[in-house]
Each structure stands twice: as C-alpha cells, then as structure tokens.
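A.B. asks: Please read through the structure below; I'll follow up with questions.
The values are calculated or read from the model by the stated rules, or taken from the named source; none is laboratory data. What you see is a predicted model, and the numbers here were worked out from it, not measured in a lab. Cβ coordinates were reconstructed from backbone atoms using ideal geometry, including for glycine residues, and neighbour counts include every protein chain displayed. Just so you know, the surface numbers come from the protein's heavy atoms only, side chains and all, with ligands and any DNA or RNA stripped out. Shrake-Rupley method; radii C 1.70, N 1.55, O 1.52, S 1.80 Å.
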Amino acid sequence: MKTLLLLTLLALVTNNGCLCKSQEPALEVEKRSFDCPSGWIPGAGKCLHWNQQQGLAWWDANDYCRAHDAELLSWRSEAEYLTFKFFWLELVISNGGAGGWTGGIKQWWNYDDWTWGNTTNDLVPINYGWSEGKPNGAEGSHECAELYSDGMLDDKGCDRAIPFICQLND
C-alpha cells in the first residue's frame, strides 16, 4: 500500500499533477475576471444588482435598471440559464431573500409571445427556466416573469411591488 501511494505521489510530481496517460502538461485554464461597480455582484458572467430593499412594479423596476445603464435579468441559452441558476441558488442561501422581477414580459399586443423586455426583445425560452406548468396566464393578468428563490420563473401580475434583479449591459 505504501508503494502504491509513493508511486501515485511520484506520478503527480512528474506529470504536472495529472493522473493521466499523457505526459503532455495540462493546458492552463484562462480565468476571466471582471470588475463590477460598487453595489453590483459579479456572478454567472454578469454584474448583477439584486434590489431586495426596494419593491417596485415591473415597469418601474425596468425603468430603474435602464436608468443605471442596465436591464432586468435575462438569459439567451439554457447553458447561460443553468450557470445563472447555480449562482442564484448560492446567493439565496448566503443572503436569504425570495427572488424578484426578471425582464420577462408577455407581449399581449404581439401574439402573446414572452420576450425579454430589453432593447433586443429576444424571446424568453419556454422549455426551461419556468416552474412546472408555467407560464399559465392564470386569471389573465399574469404578464411578467418573477424569479423565485429556487431559480425558476413564474408568471405574475406586473403591478406587484417586489424586489428585482438588474444586469449591466455588455
């Protein structure tokens, strides 16, 4: 047993810490870092501002983010969503909180499509990121997407004053 341990340690030292067949050194992983302004949290590849102290209706939250050269939280791919969700769950565990508005809004004037209410109006993916059975448009007034503490979206009435999440524009 001591011999096996000694051989393992020797292999780690002579092969750049890699327990693999190749003798080639492992490639360095480039770490990307970025600085976020004061009050903004770096995470999931974005600078985020989770305003837990101030509850606003969706429209007012959207205006608040735009006034800070930002937009309400959005994602464009499942990979981006999953990266954000992992970060979000850690943030909720460490800080508490219940969630808040994202940029998702139902465009009743445009075939009832769900879009991110930003400058691009990209479609909100319907096949991931939503709580089970959502969006369902219950009572016909649920037109904005609220992020819950579990990282899933639900459609809610836009006039509710709740916290919100802004992301800095690229």
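A.B. asks: May I ask you to list pairs of residues, at least six apart or on different chains, whose Cβ atoms are under 7 Å apart, with the first in the stretch 55-84 being buried (at least 18 other Cβ atoms within 10 Å of the Cβ) and the second being among the aliphatic types (A, V, I, L, M) and in a loop (DSSP other than H, G, I, E, B)?
C.D. replies: Leu56/Ala161; Phe84/Ala44
A.B. asks: Of all residues in the stretch 67-84, which are in a helix (DSSP H, G or I) and within 18 Å of the chain's Cα centre (by Cα)? Walk me through how you get there before you give the answer.
C.D. replies: First, pick out the residues of the stretch 67-84 that are in a helix (DSSP H, G or I): 67, 78-84.
Listed by number, the residues that qualify are Glu78, Ala79, Glu80, Tyr81, Leu82, Thr83, Phe84.
A.B. asks: So Leu153 fits all but one of (1) over 23 Å from Pro37 (Cα atoms); (2) open to solvent by 20 Å² or more (accessible area, probe 1.4 Å); what number is the exception?
C.D. replies: In the conditions (1) over 23 Å from Pro37 (Cα atoms); (2) open to solvent by 20 Å² or more (accessible area, probe 1.4 Å), Leu153 misses (2) alone.
A.B. asks: Of all residues in the stretch 98-113, which are in contact (Cβ under 8 Å) with a residue 40 or more places away in the chain and over 17 Å from Gly43 (Cα atoms)?
C.D. replies: The initial filter retains those residues of the stretch 98-113 that are in contact (Cβ under 8 Å) with a residue 40 or more places away in the chain, namely 98-106.
Answer for the stretch 98-113, where residues must be in contact (Cβ under 8 Å) with a residue 40 or more places away in the chain and over 17 Å from Gly43 (Cα atoms): Ala98, Trp101, Gly103, Gly104, Ile105, Lys106.
A.B. asks: Let me spell it out: the conditions are (1) more than 13 Å from the chain's Cα centre (by Cα); (2) buried (at least 22 other Cβ atoms within 10 Å of the Cβ), and Thr102 meets all of them except one. Which number is the exception?
C.D. replies: That leaves (1) as the condition not met.
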